[in-house]
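Please read the structure below before turning to the comments.
The values are calculated or read from the model by the stated rules, or taken from the named source; none is laboratory data. Small disclaimer: the values here were computed from a predicted structure and weren't measured. Here the Cβ positions follow ideal geometry from the backbone for every residue, glycine too, while neighbour counts run over all protein chains shown.
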Amino acid sequence: MNWKIIFCIFLAFSYNVQADDCNLLDEYRLLYVDLLNIKTFGYKSYFNSVSNRATRNINISQGSLQSTESKTDVAIVGEGFFKIKLENDEIGYTRNGEFRIDIDSNIITKQGYFLYNNIKLPELFLPETLRITRDFRVYVNAMGERDEINEVYVGDLLTYNISSELLSHYRDAIYVINNIEYNEEISEGNYLIQCYLEISNYPLLSVVLRMYYILSIISENYISNIDFKKELLKVQIENMANQNNLIEEMIVSLNNRMDNLVNILIENNILNRNIEIVNEDGLFERQILRIPNMNIINLYSYYSIWEYLNRRHYYLDSILPFLKYDY
């Protein structure tokens with residue numbers, strides 16, 4: 001498909017009003033941050049697929065899930081954030097469940113931050129037995145005083161609800177609440193899945209098209225090398241179209257939209273809360289079961305997201321330094 005056709009389709013479905021150049025410059029910065037984090041698990045974007053634009057209000061919609069083989073990986077399904085301790089005891093929030101176990105047997109984030117409700121594993125525990133249940137409880141097998149092996153409950157991996165308008169991006173998939181006293185609530189109605197991670201929650205094609213659109217309408221006095229940046233984005237769009245990446249991006253977008261639809265159906269008691277995620281032969285599949293008076297419906301099944309993340313973004317990684325805002 002010709003990239004110009006794709007761009008026209010994007011414009012046809014965009015209903016944004018004209019913004020002034022200052023607002024467009026700020027949005028370009030936000031879109032660039034999104035591109036930097038396309039492969040950051042648990043990242044919540046500035047871009048909103050409903051409005052087809054990026055704003056300072058973080059988009060906390062559910063991202064698709066990636067199966068892993070690590071017992072310390074865990075994904076949140078539904079609302080909520082893990083609460084962590086940043087530098088100087090500042091509170092942070094993240095949905096990146098790439099956890100590690102440090103030398104003192106504490107569960108920590110990939111960046112080395114402790115959980116706010118610290119979970120410390122017992123001595124002589126068996127790492128391969130780590131078990132994290134859907135209802136946030138953490139268990140592990142450990143050697144007892146008489147050399148017997150017992151499963152031990154070590155704590156709850158709690159999640160907390162935070163309003164999107166209160167969040168500011170800190171780094172990677174970590175967010176903070178700035179300059180406000182806020183008592184968050186422990187999440188209810190969500191659950192955890194062990195050996196899964198949540199990928200970033202925005203469709204890459206839409207973000208690239210939005211950046212191209214901004215460069216097309218903004219004054220050349222505001223952004224240096226604007227034609228060069230447009231050409232780089234044009235090649236990215238062509239690559240996505242010519243290598244069938246367009247289909248993949250459309251499915252990623254569909255995943256996010258279907259997640260929103262499922263949540264609406266559940267909240268209105270139209271279907272039961274029974275969502276099954278299956279990973280077989282490298283395929284990602286989700287089915288919704290027990291819809292009243294209907295047979296099982298397979299809403300969508302698709303692709304290896306792992307391959308998608310690692311194979312499809314080589315060109316994007318190479319052009320990011322040249323797209324960075326320099327104003």
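Restricting region 192-219 to residues that are touching a residue at least 24 places away in the same chain (Cβ under 8 Å) and among the polar types (S, T, N, Q), the residue that is farthest from R53 (Cα to Cα) is Q194. Would you mind stating whether G92 is under 20 Å from T40 (Cβ atoms), in the same structural domain as I174 (by TED's automatic domain parsing), within 26 Å of the chain's Cα centre (by Cα) and loosely packed, with under 12 Cβ neighbours inside 10 Å? Against the criterion (under 20 Å from T40 (Cβ atoms), in the same structural domain as I174 (by TED's automatic domain parsing), within 26 Å of the chain's Cα centre (by Cα) and loosely packed, with under 12 Cβ neighbours inside 10 Å), G92 does not qualify. D135 fulfils the conditions (1) over 25 Å from D89 (Cα atoms); (2) acidic (D, E); (3) surrounded by 12 or more Cβ atoms within 10 Å (Cβ to Cβ) except for a single criterion, (3).
Pairs linking a residue in region 100-114 that is crowded, with 17+ Cβ neighbours inside 10 Å to a residue that is outside any strand (DSSP E or B) and among the aromatic types (F, W, Y), with Cβ atoms under 6 Å and 6 or more positions apart or on different chains, are I107/F99. In region 226-236, is there at least one residue being at pLDDT below 95, of a type in the set (A, V, I, L, M) and either closer than 17 Å to L316 by Cβ or part of a strand (DSSP E or B) (or both)? There is at least one residue in region 226-236 that is at pLDDT below 95, of a type in the set (A, V, I, L, M) and either closer than 17 Å to L316 by Cβ or part of a strand (DSSP E or B) (or both). Might you let me know whether region 108-126 holds any residue that is among the small types (G, A, S) and over 20 Å from the mean Cα position of the chain (by Cα)? No; the residues of region 108-126 include none that is among the small types (G, A, S) and over 20 Å from the mean Cα position of the chain (by Cα).
Yes/no matrix, rows are residues, columns are (1) crowded, with 20+ Cβ neighbours inside 10 Å; (2) within 23 Å of the chain's Cα centre (by Cα); (3) basic (K, R):
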{"site": "L130", "(1), (2), (3)": "yes, no, no"}
{"site": "Y160", "(1), (2), (3)": "no, yes, no"}
{"site": "A173", "(1), (2), (3)": "yes, yes, no"}
{"site": "E185", "(1), (2), (3)": "no, yes, no"}
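Return yes or no: is F41 buried (at least 18 other Cβ atoms within 10 Å of the Cβ) and in contact with a Leu (Cβ under 7 Å, 6 or more places away or on another chain)? The answer is yes for F41.
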